[in-house]
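Q: Below is the structure I would like to discuss, written out as structure tokens.
What follows draws every value from the coordinates through simple rules; no lab data is involved. Every value quoted in this text rests on a predicted model; they were computed, and no experiment measured them. Cβ coordinates were reconstructed from backbone atoms using ideal geometry, including for glycine residues, and neighbour counts include every protein chain displayed.
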Amino acid sequence: MSAPRRVRASFRAGWHSFLRRRTAVFFTFFFPLIIVVIFGALVRTEPTGGLFAEDPGYYVPGYLAVVVLFTPLSRVGSEVARYRESNRFEKLATTPLSRSEWLLAQTLVNVVVIGLAALLLLALVLLLTGAELLVGPTALAALVAYVVVGVALFCGLGAILGSLAGSQDGVIAASNSIALPLLFLSETFVPPEMLPAWFRPAMGLSPLTYFSRGVRAATFDPIDAGAVAPAVSNFAILVALALAFLTIGAATLPRTD
Amino acid sequence: MTAALVAEDLRRTYGETVALDGVSLSVDAGEVFALVGPNGAGKTTLVRALTGTTDAEGSVSVFGADPRDVDRERIGLLPQEFDPPERLTARELLAYYRGLYDGGRDVDAVLADVGLSDDADTWYENLSGGQRRRTCVGSALVNDPDLLFLDEPTTGIDPAGRRALWRLLEDLAAGGTTIVLTTHYMAEAHRLADRVALLADGDLAAVDDPDALVAEYGGASRLVVDLASDPGRDGPAPLPDDFALPDNLARAANWERRGDALVVTGVDRTAIGDVVDALDAVGVAYDALTWKQPDLEDVYLDLTGESVVGRGRAGIARSGSGSEPESPPVTEGDA
């Protein structure tokens, strides 16, 4: 009973702290809107060919990746830096709350926040870009599962960044440096065929690639083309990576000065 | 008594800086143990070593266990320069920390204890500095710990709030809570602590009960005579050559001129009149007399090598029957 109670208390504190930072709330939900409007407009240039020549539905994993990648990476990273600078970890080290419980609570806060942002984003995508998706219960369940696991994965990576970076400024710089290349080189907005052949194997190193492939397989590619297997296999890889990042993230959280 | 906390030969360095240099101490269950010392003496590092939140050489035992393995329900900590999440109310913050423990105290009762009942629903960032610190103290009390570490708990709290907090800590100590606190307020250490440890340069310079420390290191009582300015000079005139303490004081008391003051040490309060008579006898005018018993601050200044003279009362004069020196340092003379 103790661990759920501690995680619940930490979740509640984290949730209220987030909701009361109005700027953070505004931009968490405004960011997807900007992305959809900008990229949605570009996607509509499809008849002219160019970068965004695929069907609008192809880019849904990319839109989702924006919030699944950026928000947890920067939020958890900054939170770790903030906790360290305020000596909160020193205090927590003497309480029964473990580092993994702390990270779990932060992850749950991000899952809820980003889940809502993803829902908004998805509605905007369907409304503004004309994307057509598979909307059955299986596809929706897969989408939810992918968002949850993707958020968890990047919360783990954010914890690692926050633990290694010396300050909040350092976290923001590091998370931007990591997130931007990942966003465009993970089969999100740029199809692999548009990249040099020698580079394509490197896409397998990005966790976001498995998110994109899996979400696309679950929501865009036709079922009868054998999309279930990729959706499951990519999900399995994503789960394994998420567990690894969360474990390493929890282990690197500061415990001492 | 049973030891709640035992530390042996603790050492911690940060690069070239030695923060702890072989500190050993023991704190009995139910004892209030104060750590005092100058900035950078190692107080916070010592608290961190005792709570297992820094990697120090040596050994620490808290209730018979390593501090990182001890039952954390029994420990409370207020770190130095601690700031909890700023957009939670005082009540929410205490509820948050209370929620991390299985047992503990009622949040509203803790809020009342730290004097925050009326501001319990104010965000932490909107509280005054003293209220914030009291909230932080409350966060260390919510689990009703058996051993409480408080690193400068009253810093930033106004005198009335500080005294209220002292009463709270006295009540906790009376109830059997072991308290280890660091402070820069000597009056706080003297009032609260069963024993005071003076930390200097990463090592314990002295550990004892406050009165024993004062008796051993505090020196003699002191009468400070602020001499009146001489209209023809920039400050008081030199003491006449024939100034001397009366015979009944001469054996036990010393005097010296420090800047614009005459300082007589070793003089009992009942003999102040005799010093006044001696000044009157040689026509020395004065503005004020201040008699002071030695206290923990004198112990601190003595053992840390700091001095009041070095901090302010510059300009040394003569002592005993000698002539005025041309420049510092201080010389003490027998009357």
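Q: In the stretch A:1-131, with Lys and Arg counted as +1 and Asp and Glu as -1 at Cβ, which of these residues, A:TRP15, A:THR107, A:PHE30, has the Cα nearest the positive end of the dipole, that is, farthest along it?
A: Going by the charge dipole, the pick is A:TRP15.
Q: Quote the charge dipole size of chain B about the Cα centre in Debye, to the nearest 20; the model charges only the Cβ of Lys and Arg (+1) and of Asp and Glu (-1). List each step's numbers first, then the result.
A: Numbers: 29 positive and 61 negative charges, 106 e Å.
Here the size comes out at about 500 debye.
Q: Rounded to the nearest 500 deg cm²/dmol, what is the calculated helix-only ellipticity per residue at 222 nm for the protein assembly as shown, with -39500 (n - 2.57) per DSSP H run of length n ≥ 4? Mind showing how you got there, number by number?
A: Numbers: 20 runs with 281 residues, N = 592.
When only DSSP H runs of four or more count, the value is -15500 deg cm²/dmol.
Q: Write down the percent of antiparallel bridges among all DSSP beta bridges whose residues are both part of the protein assembly as shown, to the nearest 5.
A: Details: 41 of 58 bridges.
Of all bridge pairs located within the protein assembly as shown, approximately 70 percent are antiparallel.
Q: Could you work out the local net charge near B:VAL32, counting Lys and Arg as +1, Asp and Glu as -1, over the other residues with Cβ closer than 11 Å to its Cβ?
A: On the way: positive: B:ARG191, B:ARG195; negative: B:ASP28, B:GLU31, B:GLU170, B:GLU188, B:ASP194, B:ASP209.
Around B:VAL32, the surrounding residues sum to -4.
Q: Moving on. In whole Å, largest first, what are the principal axis extents of the Cα atoms in chain A?
A: That gives 60, 37, 33 Å along the principal axes, largest extent first.
Q: While we're looking at this one, here's another question. Tell me, what is the percent relative contact order of chain A, built from C-alpha pairs under 8 Å that lie six or more residues apart? Numbers along the way, then the final one.
A: On the way: 345 pairs, mean separation 73.6, N = 257.
The normalised contact order for chain A reaches 29 percent.
Q: Longest segment of chain B with no GluC sites (Glu not before Pro) in a DSSP loop having at most 14 other Cβ atoms within 10 Å?
A: Values: sites that count: B:GLU16, B:GLU81, B:GLU306, B:GLU326, B:GLU332.
The longest such stretch corresponds to B:82-305.
Q: Additional query: As an exercise, take the mean of 1/r over every pair of distinct alpha carbons in the stretch B:99-194, invert it, and state the Kirkwood radius in angstroms.
A: Result for the stretch B:99-194 stands at 13.7 Å.
Q: So if I place +1 on the C-beta of Lys and Arg and -1 on the C-beta of Asp and Glu, and nothing else carries charge, what would the dipole magnitude of the protein assembly as shown be about its Cα centre? I want it in debye, nearest 20.
A: So the dipole magnitude of the protein assembly as shown works out to roughly 3320 debye.
Q: Which whole-Hz ³J(HN,Hα) couplings does the stretch B:207-217 yield from phi under the Karplus relation 6.51 cos²θ - 1.76 cosθ + 1.60, θ = phi - 60°, glycine and proline marked x?
A: Listing the rounded values in order: 9, 5, 6, x, 5, 5, 5, 5, 5, 7, 10 Hz.
Q: Can you give the mean number of other chain Cβ atoms that lie within 10 Å of the Cβ atoms in peptide B:88-97? Show your work: numbers first, answer last.
A: Numbers: counts 6, 2, 0, 0, 4, 1, 0, 3, 7, 6.
The per-residue average across the peptide is 3.
Q: Moving on. Charges only on Cβ, +1 for Lys and Arg, -1 for Asp and Glu: so what's the dipole of chain A about the Cα centre, in debye to the nearest 20?
A: Working: 18 positive and 14 negative charges, 254 e Å.
Dipole of chain A, to the nearest 20 debye: 1220 debye.
Q: Relative contact order of the stretch B:122-234: what whole-number percent is it, with Cα pairs under 8 angstrom and at least 6 residues apart?
A: Values: 92 pairs, mean separation 20.4, N = 113.
Relative contact order, the stretch B:122-234: 18 percent.
Q: Could you tell me the extents of the stretch A:44-151's C-alpha atoms along the three principal axes, largest first, rounded to whole Å?
A: Answer, in whole Å and largest first: 60, 31, 16 Å.
Q: May I pose another question? Write down, largest first, the equivalent ellipsoid semi-axes of the stretch B:152-213 in whole Å, where each equals the square root of 5 times an eigenvalue of the alpha-carbon gyration tensor. Numbers along the way, then the final one.
A: Values: eigenvalues 84, 43, 20 Å².
Three semi-axes, in Å: 21, 15, 10.
Q: For helix B:159-174, what angle does its Cα long axis make with the longest principal axis of chain B, in degrees from 0 to 90 and rounded to 10?
A: Taking the Cα atoms of chain B, the angle to B:159-174 is about 60 degrees.
Q: Tell me, what HN-Hα J-couplings in whole Hz come from the Karplus equation 6.51 cos²θ - 1.76 cosθ + 1.60 at θ = phi - 60° for each residue of the stretch A:10-17, using x for Gly and Pro?
A: Computed from phi, the couplings for the stretch A:10-17 are 5, 4, 4, 5, x, 5, 5, 4 Hz.
Q: If you don't mind, another one. Need one word for the stretch B:216-310: rounded, prolate or oblate. Basis is the Cα gyration tensor (sqrt eigenvalues a ≥ b ≥ c); a/c below 1.5 gives rounded, then a/b vs b/c decides. Please report the intermediate quantities before stating the final value.
A: Working: a/c = 2.32, a/b = 1.40, b/c = 1.66.
Oblate, since a/c reaches 1.5 and b/c is not below a/b.
Q: Ignoring chymotrypsin sites (Phe, Trp or Tyr not before Pro) that are buried or in helix or strand per DSSP, and keeping those with at most 15 other beta carbon atoms within 10 Å, what is the longest stretch of chain A between them? Please report the intermediate quantities before stating the final value.
A: Numbers: sites that count: A:TRP198, A:PHE199.
Between exposed loop sites, the widest span is A:1-197.
Q: Could you work out the Rg to Rh ratio of chain B, with Rh taken as the Kirkwood radius (inverse of the mean 1/r over all Cα pairs)? Present the calculation step by step, with values, prior to reporting the outcome.
A: Numbers: Rg = 24.5 Å, Rh = 22.6 Å.
Reported Rg/Rh, Kirkwood definition of Rh: 1.09.
Q: Can you give me the P(r) profile for the stretch B:1-130? Cα pairs, bins 5 angstrom wide beginning at 0, each as a whole percent.
A: Pairs per bin, as whole percents: 2, 9, 16, 17, 16, 15, 14, 9, 3, 0.
Q: Looking at the square roots a ≥ b ≥ c of the eigenvalues of the Cα gyration tensor of the protein assembly as shown, which shape do they give, rounded for a/c under 1.5, prolate if a/b is larger than b/c, or oblate?
A: Values: a/c = 3.27, a/b = 2.69, b/c = 1.21.
Prolate is the answer for the protein assembly as shown, as a/c is 1.5 or above and a/b outweighs b/c.
Q: I would also like to ask the following. Compute the Cα gyration tensor for the stretch B:243-287, then decide on rounded, prolate or oblate, letting a ≥ b ≥ c be the square roots of its eigenvalues: rounded whenever a/c is under 1.5, prolate when a/b is larger than b/c in the other cases, and oblate in all that remain.
A: Numbers: a/c = 1.62, a/b = 1.23, b/c = 1.32.
Oblate shape, in that a/c is at least 1.5 and b/c is the bigger or equal ratio.
Q: To continue, here is another question. Sequence gap at least 6, Cα distance under 8 Å: using those rules, report the relative contact order of chain B to the nearest whole percent.
A: On the way: 661 pairs, mean separation 58.8, N = 335.
It comes to 18 percent, rounded to a whole number.
Q: Report the one residue of B:VAL60, B:VAL70, B:THR89 whose Cα lies farthest in the direction of the positive end of the charge dipole of the stretch B:18-93 (charges on C-beta: Lys and Arg +1, Asp and Glu -1; origin at the Cα centre).
A: Towards the positive end, the residue furthest out is B:THR89.
Q: Please compute the modelled spin-label separation between B:ASP194 and A:PHE31, points set 7 Å along Cα→Cβ, answer in nm with one decimal.
A: Result: 5.4 nm between the two label points.
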